[in-house]
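Remarks on the structure that follows.
The values are calculated or read from the model by the stated rules, or taken from the named source; none is laboratory data. As the structure is a computational prediction, the values presented were derived from the model and not from experiment. Neighbour counts are summed over all protein chains in view; Cβ atoms, including those assigned to glycine, are modelled from backbone coordinates with ideal geometry.
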Amino acid sequence: MASPNVYVLQSNHQTKGLFTLIRDKDIKREDFIFYSDRLIRLLIEEGLNCLPFHETTVITPTGSEYKGVSFASKICGVSIVRAGESMEAGLRAVCKHIKIGKILIQRDEETALPKLLYAKLPTDIEKRYVLLLDPMLATGGTVTQAIEVLVEKGVKEENIVFINLIAAPEGIQFLHSKYPKVKIVTGEIDTNLNEKKYIIPGIGDFGDRYFGTE
Ligand code: PRP
Ligand code: URA
Ligand code: MG
């Protein structure tokens, strides 16, 4: 764990290899999608690991007791449109019938400031743990605005798990300066932002590469 409430995916040759593929500017788009999806799936599993559980015992087919655990709470997903939508399939693959809200926020291309355009969320969201999805954390402006929307709807800060592929240190710091109890699960923490507020070394514009709008 890098700092309180920041969980970085354990690095090994598998994960490093996947990051190497998707960070390469020359990768084919179909491969960019395929390998991003593999990493996203791992991150979602890691995010689920942040949720509370209680101890449960089951009886196995041999008639023996198995002391295990089960999840203790209701959850939902919320994707930050557009890039966050790339993470919805991975979430649905592991959480059957999960409700997924959407918050549309776009960064102004000149100023990099976020603009909130639309939100549609489960009506009982205040009773749920929220897995908030966006692959890129740069300045932190976008995710912080999304969390503001959730908190206004009654979601507890400590019940939000932000699942993210690549984070800049500036973004982590900004998010936690406003909402220190939000858990951040990220794949890798990069070095800095450039003058255009892109992550360095980064991946370029994730949404454009994933959805083919470069
Ligand atoms: C990107 C990305 C994040 C945001 C991160 O979205 O998906 O939402 O920028 O930057 P920040 O931390 O500085 O706010 P963008 O607005 O480019 O839209 P997109 O999802 O359509 O690519
Ligand atoms: N959004 C992206 O897609 N990439 C960045 O580096 C910053 C914001
Ligand atoms: Mg966005």
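For region 123-144, enumerate the residues that are more than 16 Å from ligand 3 (Cβ to nearest atom) and either at pLDDT below 95 or hydroxyl-bearing (S, T, Y) (or both).
T123, Y129
Going through region 184-214 one residue at a time, which ones are more than 8 Å from ligand 2 (Cβ to nearest atom), surrounded by fewer than 19 Cβ atoms within 10 Å (Cβ to Cβ) and charged (D, E, K, R)?
Of everything in region 184-214, those that are more than 8 Å from ligand 2 (Cβ to nearest atom), surrounded by fewer than 19 Cβ atoms within 10 Å (Cβ to Cβ) and charged (D, E, K, R) turn out to be E195, K196, E214.
Quick check, is R92 within 16 Å of ligand 2 (Cβ to nearest atom) and of a type in the set (K, R)?
no
If you check I203, I163, I147, I184, which single one turns out to be of a type in the set (V, I, T) and assigned to a helix (DSSP H, G or I)?
I147
From the list I189, I163, I203, I147, which one is of a type outside the set (F, W, Y) and away from ligand 3 (no atom under 16 Å from the Cβ)?
None of the other options fit; the residue is I189.
Collect the residues in region 187-202 that are in contact with a Pro (Cβ under 8 Å, 6 or more places away or on another chain) and of a type in the set (V, I, T), keeping them in residue-number order.
Here is the first cut: in region 187-202, the residues in contact with a Pro (Cβ under 8 Å, 6 or more places away or on another chain) are 189-192.
I189, T191, listed by residue number.
Name the single residue, out of those in region 135-146 being touching a strand residue (DSSP E or B) at 6+ places or on another chain (Cβ under 6 Å) and more than 20 Å from L9 (Cα to Cα), that is surrounded by the fewest Cβ atoms within 10 Å (Cβ to Cβ).
The qualifying residue surrounded by the fewest Cβ atoms within 10 Å (Cβ to Cβ) is Q145.
Out of the strands (runs of 3 or more DSSP E) lying entirely within region 89-134, which hold 2 or more residues that are surrounded by fewer than 20 Cβ atoms within 10 Å (Cβ to Cβ)?
In region 89-134, 100-107, 114-120 are the strands (runs of 3 or more DSSP E) which contain 2 or more residues that are surrounded by fewer than 20 Cβ atoms within 10 Å (Cβ to Cβ).
Which condition from (1) more than 16 Å from ligand 2 (Cβ to nearest atom); (2) in contact with a strand residue (DSSP E or B) (Cβ under 7 Å, 6 or more places away or on another chain); (3) aromatic (F, W, Y) is the one that F162 breaks?
Exception for F162: condition (1).
Determine the pairs where a residue that is closer than 24 Å to V8 by Cα, located within region 149-165, has a partner that is exposed (fewer than 14 other Cβ atoms within 10 Å of the Cβ) and small (G, A, S) with Cβ atoms under 9 Å apart, the partner being 6 or more residues away or on another chain.
N159/S73
Residues in region 105-121: is at least one under 22 Å from S177 (Cα atoms) and basic (K, R)?
Scanning region 105-121, I find at least one residue that is under 22 Å from S177 (Cα atoms) and basic (K, R), so the answer is yes.
Does any residue in region 196-211 that is over 17 Å from G84 (Cα atoms) come within less than 7 Å, Cβ to Cβ, of a residue that is at pLDDT below 95 and not charged (D, E, K, R) six or more places away or on a different chain, and which pairs are these?
Hits for this filter: K197/A112.
Among the residues of region 3-34 satisfying the criterion of being of a type in the set (S, T, Y) and farther than 14 Å from G204 by Cα, which is nearest to the chain's Cα centre (by Cα)?
Y7
Return the residue satisfying two criteria in turn: it lies in region 86-126 and is more than 20 Å from I44 (Cα to Cα) and of a type in the set (K, R), and of such residues it is nearest to ligand 1 (Cβ to nearest atom).
Among residues in region 86-126 that are more than 20 Å from I44 (Cα to Cα) and of a type in the set (K, R), the one nearest to ligand 1 (Cβ to nearest atom) is R107.
Pick out, from region 2-84, the strands (runs of 3 or more DSSP E) lying fully within it that include 3 or more residues that are within 27 Å of F174 (Cβ to Cβ).
It comes to 6-8, 75-81.
Going by the structure shown, is E170 surrounded by 14 or more Cβ atoms within 10 Å (Cβ to Cβ), among the charged types (D, E, K, R) and under 16 Å from the mean Cα position of the chain (by Cα)?
Numbers: surrounded by 14 or more Cβ atoms within 10 Å (Cβ to Cβ): yes; among the charged types (D, E, K, R): yes; under 16 Å from the mean Cα position of the chain (by Cα): no.
No: the conditions fail for E170.
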